[in-house]
Structures are given as C-alpha cells and as structure tokens.
Amino acid sequence: MSVSEETALAPADWWESAVIYQVYPRSFADGDGDGVGDLAGLTARLPYIAELGVDGIWMTPFQPSPQVDQGYDVSDYCGVDPLFGTLEQFESLLEQAHALGLKVLLDVVPNHCSSEHPLFQAALAAGPGSPERELFHFVPGPGGDTPPNNWQSVFGGRAWSRANPSSETDLDWYLHLFSAGQPDWNWRNPAVGDYFDGVLRFWFDKGVDGLRIDVAHALFKAEGLPDSPSEGGVVDGLRSNPQVSDQEEVHDVYRRWRTLAEKYEPHRLLVGEVNLEPARAARYTRSDEMQQAFAFAFVKLGWDPEAWAAVGNELEAARLLHGATPTRALENHDIVRAATRFGGGSVGAARARAALVALLGLPGPAYLYQGQELGLPEVDVPVEARVDPMWARGGVCRDGARVPLPWTEDAGRNHGFSLAGPAVASEPWLPQPAGWGAHAVELQEQDPASALNLTKAALELRRTLWRDEVFTAADGGTWRVEPGNLLVCERNEQFLVAVAMGDEPVQLPAGRLLLSAAPLTEDGWLQPNNAAWILRG
Ligand code: GLC
C-alpha cells in the first residue's frame with residue numbers, strides 16, 4: 001500500500017450524501033390486480049426508482065398484520081403479509097434492488113405490536129399478574145370505567161383499553177399510545193430488548209441495508225406511568241412530554257442497536273422517527289446511537305421564510321452540538337402533501353417544486369416520498385372511503401397522502417397502478433380522484449418541464465456536486481432572509497440555495513446559476529415561488 005493510500009481519508013459513509021425514496025407499498029404498484037400494492041408490483045417498478053437517481057428505498061411495513069393501521073400493527077416481525085406477497089418475493093426484491101444499485105431500508109415498529117401478536121394474545125390469556133403481561137403495560141384501574149392514568153392516544157381518545165371488558169376479576173387495562181389494536185411493549189422488561197435484537201438480526205442477515213425506527217423516542221415511559229400534566233392529559237403528538245416519551249433509558253437501546261448494526265459489513269443504517277424539537281432529537285444521533293433521525297421541525301414547515309430560516313439555524317446549532325447532520329424530508333405518509341400544504345393549486349404546485357429543489361441542495365441526506373417527484377397534491381378522500389384509524393378516533397385523516405400512484409393518463413387498470421392479474425383489476429384500496437391521470441408518470445416522462453424531470457435533473461446534479469466535492473459531509477448551513485422574502489441557505493463557501501418566498505421577483509445572489517425550479521424572468525430574476533442553486537464566484 002502506498003503512503004498516499006494509507007493517509008487518504010476514509011470514504012464517507014454512503015448515507016451521508018444519500019437520497020432515499022420512501023415507498024408505501026400499498027400504493028406504489030399492484031402486481032396481482034387486487035387493488036392493493038404489493039412486492040411483485042414494487043419489484044416490477046424498481047427500474048423506475050433507479051432511473052430517478054436516488055440511492056435507495058425505505059419500505060413502510062409489509063409484515064403480517066391485521067392492517068388496523070396499514071401495517072404499523074405488526075403481528076409477526078419476521079414475515080411477509082400474504083396481502084403483499086411472500087418472503088421469497090421479498091428476497092428477490094432485495095436482490096434486484098441491489099443489482100440496480102439501490103439500498104433497501106425497512107420499517108421496524110418497536111413501540112407497539114398488533115393486539116393479534118402471539119405474545120399479546122398469550123398475555124391476555126395468562127391473566128393479571130402473569131409474567132406474560134409483563135411484556136406489555138397491563139395495569140389495574142382504580143375501578144369502574146376509570147383507566148390507570150389520564151394519557152390520551154396520539155390518534156384521539158384514551159390511551160388505555162380494558163384487557164377483558166366482560167370480566168369481573170380481570171381488572172387490567174393495557175396501554176396503547178395509538179389505536180387499541182396496537183398495544184405498547186414494556187421496554188423496562190429486558191425480554192423485549194432481546195426479542196428485538198432477534199428481529200434486527202433476521203433482516204440484517206438477509207442483507208437489508210438499514211431500518212427506519214417507528215416512534216423511536218417513545219419506547220420508554222416514565223417510571224410508574226404518572227398522569228400527564230398537560231391539559232386534558234393529551235400526549236401532544238409525542239413532543240416534549242416528559243411523562244410519555246424521550247426518556248433517558250431509550251438511548252441505551254440505540255447504542256445497543258448501533259453496535260449490532262456495526263457487526264455487519266457494510267454497516268447497517270438506523271434512521272429514527274424522532275418527533276421531537278431539534279435539540280432533543282439530535283441526542284438520538286450522537287456518535288454511538290443512530291446515524292440519522294428525521295428533522296421533524298423541517299418536515300412540517302409551511303411557506304414561511306422566517307420559519308425556514310429559524311428551523312434551519314436551530315438544526316444547525318443542534319448539529320454543531322451533537323455532530324449529527326439533519327436528515328430532511330418534506331413529505332411522508334403521515335402528513336399533507338407539500339403542494340397542498342404550501343397553498344394548493346398552481347401556487348402550491350410551484351412552491352412544492354421550489355421546496356424540492358431546495359431540499360436536494362441543502363446539506364445532509366434527504367428523503368423523498370413516493371409521488372413527491374410527480375408533485376402530487378393531497379387528495380380529499382370521500383368520507384365513506386376513509387380507512388385511517390387516526391381519522392376513525394377523531395384525529396386528522398392521513399389517507400389523502402396515500403392514494404395509489406397514477407402511472408398512466410388513462411384510468412384503465414387504476415391508472416396503470418394495477419399491473420398483472422384479472423382483465424379488470426379490483427378498485428384501488430383508496431379511490432383515485434377525477435383528474436388523477438393528469439399527474440401520470442407516462443405524461444411527465446415526456447414533458448421536459450415536468451416535476452418528474454426536474455427531480456431527475458436535481459438528483460443528477462446533486463451527485464455531480466458530491467463527486468466534485470462542492471458538497472461535502474462537513475457542510476452545515478447558515479440561513480437568513482433577505483429583502484423581498486428571499487430565503488438563503490449558504491451551504492458552504494462555494495454553494496447556496498435561494499428560495500423566493502415573497503410576492504415580487506427578486507434578484508439572485510451573486511454567482512453562477514446551476515439549477516432553478518422554474519424559468520427565471522427575462523432580467524434573470526427569481527419569480528415568486530421559484531428556487532435556485534448558485535455556485536458562488
Ligand atoms: C408512525 C407512523 C404512522 C403510524 C404510527 C404508529 O408515526 O409513521 O404511520 O400510524 O407511527 O405506528
């Protein structure tokens with residue numbers, strides 16, 4: 001080995017620059033025509049994802065589940081629900097994804113399982129005081145219809161259900177931060193940690209490249225499960241509630257998981273759904289915990305330059321404190337699509353394009369949600385067709401971001417969502433609205449100005465900038481708002497992102513324009529709701 005090789009810097013880990021495409025399998029592509037997306041459909045469409053120019057996919061749960069919360073109620077952590085296919089089909093998917101150069105991340109749901117999980121069923125059968133019940137939070141209530149504490153479910157309603165409502169001797173309630181079909185595991189019982197080590201090993205041994213950790217900050221609850229002081233006992237979106245989430249003990253879980261992830265070559269990636277404010281969330285990505293945690297303060301931004309700059313600088317401060325680069329996304333399966341959130345109609349669509357260009361130019365890894373590359377708006381799913389348990393329990397409805405993708409303009413075979421199977425495919429599990437075909441992949445592929453082609457161009461340029469070391473893993477980001485509501489993020493001395501968030505065209509900062517979300521004015525100014533990448537002189 002030559003001296004220069006010996007002294008060369010270690011190559012950055014792949015996830016530092018990565019863009020991951022989130023696949024919601026139910027709604028991506030339906031391989032057997034039953035109206036529900038599946039592994040066969042996703043496998044057939046992997047080349048589409050590879051051609052986008054992303055580095056990998058994150059698949060939301062496809063494990064066996066009663067589907068009370070579309071798979072986030074898992075009854076077998078190491079299998080495939082027949083609705084989506086078989087384990088062999090998953091193995092083939094993984095192989096084909098790797099052959100196309102795509103990493104594959106899965107979702108692990110450690111906060112709760114399904115009430116149909118064999119261990120929960122055994123706990124119900126074993127009765128009060130049994131060791132089986134120690135795996136969950138079974139607590140006797142004070143009597144009558146009063147639960148053990150005042151916690152409310154994230155989905156609405158109380159976070160407790162009776163174990164055995166018709167029994168006069170079994171007075172236990174069980175805790176569920178989400179629906180009654182999703183009992184919370186008791187992480188204070190070491191058997192739970194051992195069980196999940198096995199789950200991680202199962203998927204890592206298969207060659208899965210990493211895991212997205214669901215509700216990662218909530219596994220431990222305060223000792224003794226005290227009442228919540230917040231008004232009405234609301235869990236408050238799991239944020240900043242010292243009774244319910246963000247307990248110190250949870251960090252040991254991620255230290256243990258990181259050690260396990262690093263037993264594999266290449267190391268496996270852990271990315272957390274840590275729905276906390278930046279300073280608290282950053283503590284989950286300390287050097288011996290997860291490599292990434294979603295920056296939820298960023299995910300939820302509206303079209304407000306001051307808010308973007310404030311969140312940007314707050315995330316940067318957290319990065320400097322804990323060394324973790326923010327992991328950014330603008331969309332996922334739980335929140336309103338950007339085009340609608342940013343105002344809807346043509347204005348919202350333009351803003352969503354601009355925000356996407358900004359996202360891909362900002363420091364750190366980025367996640368895209370399926371359909372974001374098409375600029376899909378949120379769908380107002382008819383009330384009678386809604387299936388989200390959050391909606392059913394009185395919360396917001398998340399179905400509008402989960403409608404099956406339009407692949408073809410023509411409505412036949414559910415706009416091309418249903419690939420093979422019977423001559424007439426079943427209705428999709430959520431109805432596609434009138435006009436859905438106008439967003440179709442096949443149309444956008446042919447339109448040079450489409451959101452799809454803009455996404456591909458941005459991803460390609462991003463790769464080049466990483467290759468040329470204009471982008472580096474050390475980049476932070478200094479944010480400010482200039483006159484005319486021009487939002488600026490200086491990524492480093494060479495590169496900045498500018499977003500026109502005001503009502504009038506604004507002059508571009510000095511430098512060379514590399515990319516914009518829409519054409520500039522004749523004078524070379526940024527129109528409102530446009531964004532640009534600038535190589536500084
Ligand atoms: C996460 C998931 C969401 C699910 C919830 C309960 O927030 O993203 O879809 O409903 O956890 O598992």
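The values are calculated or read from the model by the stated rules, or taken from the named source; none is laboratory data. Model, not experiment: these values are computed from the prediction. Cβ: placed from backbone, ideal geometry, glycine included. Neighbour counts: every protein chain shown. All accessible areas refer to the heavy atoms of the entire protein, side chains included, with ligands and DNA or RNA removed. Shrake-Rupley method; radii C 1.70, N 1.55, O 1.52, S 1.80 Å.
Things to note:
- Residues in segment 391-432 that are without any contact (Cβ under 8 Å) to a residue 12 or more places away in the chain and open to solvent by less than 50 Å² (accessible area, probe 1.4 Å): GLY412 alone.
- Filter result for SER230 (open to solvent by 20 Å² or more (accessible area, probe 1.4 Å), more than 30 Å from PHE296 (Cα to Cα) and more than 16 Å from the ligand (Cβ to nearest atom)): no
- Residues satisfying the stated conditions in segment 22-33, i.e. in a loop (DSSP other than H, G, I, E, B) and within 16 Å of the ligand (Cβ to nearest atom): TYR24, PHE28
- Screening GLY435, GLY394 for residues that are among the small types (Gly, Ala, Ser) and within 16 Å of the ligand (Cβ to nearest atom) leaves exactly one candidate, GLY394.
- Scanning segment 296-316 for residues that are at pLDDT 95 or above and small (Gly, Ala, Ser) yields GLY302, ALA307, ALA309, ALA310, GLY312.
- Matching residues in segment 404-435 - criterion: being among the polar types (S, T, N, Q) and in a loop (DSSP other than H, G, I, E, B): THR408, SER426, GLN432
- Of the residues screened, ALA474 is one that is open to solvent by 50 Å² or more (accessible area, probe 1.4 Å), farther than 19 Å from TYR48 by Cα and free of Cβ contacts under 8 Å to residues at least 24 places away in the same chain.
- Pairs where the first residue, in segment 323-337, is more than 16 Å from the ligand (Cβ to nearest atom) and the second is open to solvent by 30 Å² or more (accessible area, probe 1.4 Å) and basic (Lys, Arg), C-beta under 8 Å, 6+ apart: GLY323/ARG286; ALA324/ARG286; THR325/ARG319; PRO326/ARG319
- Going through (1) open to solvent by 40 Å² or more (accessible area, probe 1.4 Å); (2) away from the ligand (no atom under 16 Å from the Cβ); (3) not basic (Lys, Arg) one by one, VAL36 falls short only on (1).
- Residues within segment 438-451 that are more than 25 Å from the chain's Cα centre (by Cα) and more than 19 Å from ALA401 (Cβ to Cβ), tallied: 7
- Some residue of segment 36-51 being under 15 Å from the mean Cα position of the chain (by Cα) and not in a helix (DSSP H, G or I): no
- Of the criteria (1) open to solvent by 10 Å² or more (accessible area, probe 1.4 Å); (2) outside any loop (DSSP other than H, G, I, E, B), which one LEU368 fails: (1)
- Flag for ASP81 being touching a residue at least 40 places away in the same chain (Cβ under 8 Å), closer than 24 Å to GLY198 by Cβ and open to solvent by 10 Å² or more (accessible area, probe 1.4 Å): no
- Every residue from segment 43-76 that is of a type in the set (Ser, Thr, Tyr) and within 15 Å of the ligand (Cβ to nearest atom): THR60, SER65, TYR72, SER75
- Failed criterion for ALA310 (all others in (1) farther than 24 Å from ALA531 by Cβ; (2) part of a helix (DSSP H, G or I); (3) open to solvent by 10 Å² or more (accessible area, probe 1.4 Å) hold): (1)
- Extreme residue, nearest to PHE220 (Cα to Cα), among residues of segment 254-282 that are in contact with a strand residue (DSSP E or B) (Cβ under 9 Å, 6 or more places away or on another chain) and in a helix (DSSP H, G or I): TYR254
- Flag for PRO118 being farther than 25 Å from ASP76 by Cα and in contact (Cβ under 8 Å) with a residue 12 or more places away in the chain: no
- Selection from segment 271-284 of residues that are away from the ligand (no atom under 16 Å from the Cβ) and in contact (Cβ under 8 Å) with a residue 40 or more places away in the chain: PRO278, ALA279, ARG280, ALA282
- Filter pass, LEU376 being out of contact with any Gly (no Cβ under 9 Å at 6 or more places or on another chain), surrounded by 22 or more Cβ atoms within 10 Å (Cβ to Cβ) and either closer than 28 Å to ASN453 by Cα or not assigned by TED's automatic domain parsing to the domain that holds VAL250 (or both): yes
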